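Single-structure report; data block below.
The values are calculated or read from the model by the stated rules, or taken from the named source; none is laboratory data. Not measured: the values here are computed from a predicted model. Every residue, glycine as well, gets a Cβ built from its backbone with ideal geometry; the counts of neighbours run over all protein chains shown.
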Amino acid sequence: MKNVLLLKKKTAPRPVALSYGQITCRTKDRWFVLADDGRVIGVQKADGCLLTPEIHDRVLLAEGEGDDGFILNVLVKNGGHSAVVIPGAGVITTVAGDLSLQADTIAVSAKERASFTAPEVSFAGVTARVSFLAFSFLSETLEVQIRKAATVIDSLDTVCGRLTERLKTSFRWIENLEQTKAGRISTIVKERFAVRARHASLLAEEEVKIDGKKIHLG
């Protein structure tokens, strides 16, 4: 036999061992765990372990060959801070009863209804777009502060018990008709009151009064 090949027998891989431990410290992406048998093991977090391990948390470990070790699950949390990290998606954080959701884009979709209920609700952002086929707004009080607004409405009906407006300058362009029906109208002008029209009519059923230091007709 001229050609003899010696085959090296492959050793069987070390079986994965499960153990318990407590987090002692961590670096950016590595945790150091004090195992129940007294060893300090450096491991990484498995992607399936969504809850982020923190110092003094009790965890479940899976150990393989060499440095191949993972935290599979957080068994007991220490403290009130918890963070669920979804790889490539976002972070859900809870601190003393407060829940925070962080992600690049968040979409909420419901087939029938989505509702938010709280004593206080706040929305903050740079731009906002709201689109509804039908919109109903109910409020006991309303305060609006707007620097600049543009409104386009096809038809508007307003029922108001009292309306008070304070304006520096007001301009209105009415293409067709403006009609006012009132019980009484009082207009107070500090300087000049001018009315210009192609045709003008002033009708009164009982009395018309014009009073001034000078009156020019014609």
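Summary table below
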{"read-out": "Top-ranked residue in the stretch 139-168 [being of a type in the set (A, V, I, L, M) and over 23 Å from the mean Cα position of the chain (by Cα); ranked as farthest from Val121 (Cα to Cα)]", "value": "Leu167"}
{"read-out": "Residue satisfying all of: in the stretch 189-218; aliphatic (A, V, I, L, M) and within 29 Å of Thr169 (Cα to Cα); nearest to the chain's Cα centre (by Cα) among these", "value": "Val189"}
{"read-out": "Of all residues in the stretch 3-31 being closer than 24 Å to Pro87 by Cβ and assigned to a loop (DSSP other than H, G, I, E, B), the one that is modelled with the lowest pLDDT", "value": "Val16"}
{"read-out": "Count - residues of the stretch 136-167 that are acidic (Asp, Glu) and within 22 Å of Pro119 (Cα to Cα)", "value": "2"}
{"read-out": "Verdict on Thr180 being of a type in the set (S, T, N, Q), under 30 Å from Ala128 (Cβ atoms), out of contact with any strand residue (DSSP E or B) (no Cβ under 9 Å at 6 or more places or on another chain) and exposed (fewer than 10 other Cβ atoms within 10 Å of the Cβ)", "value": "no"}
{"read-out": "Residue in the stretch 57-64 that is at pLDDT below 85 and under 30 Å from Pro15 (Cβ atoms) present", "value": "yes"}
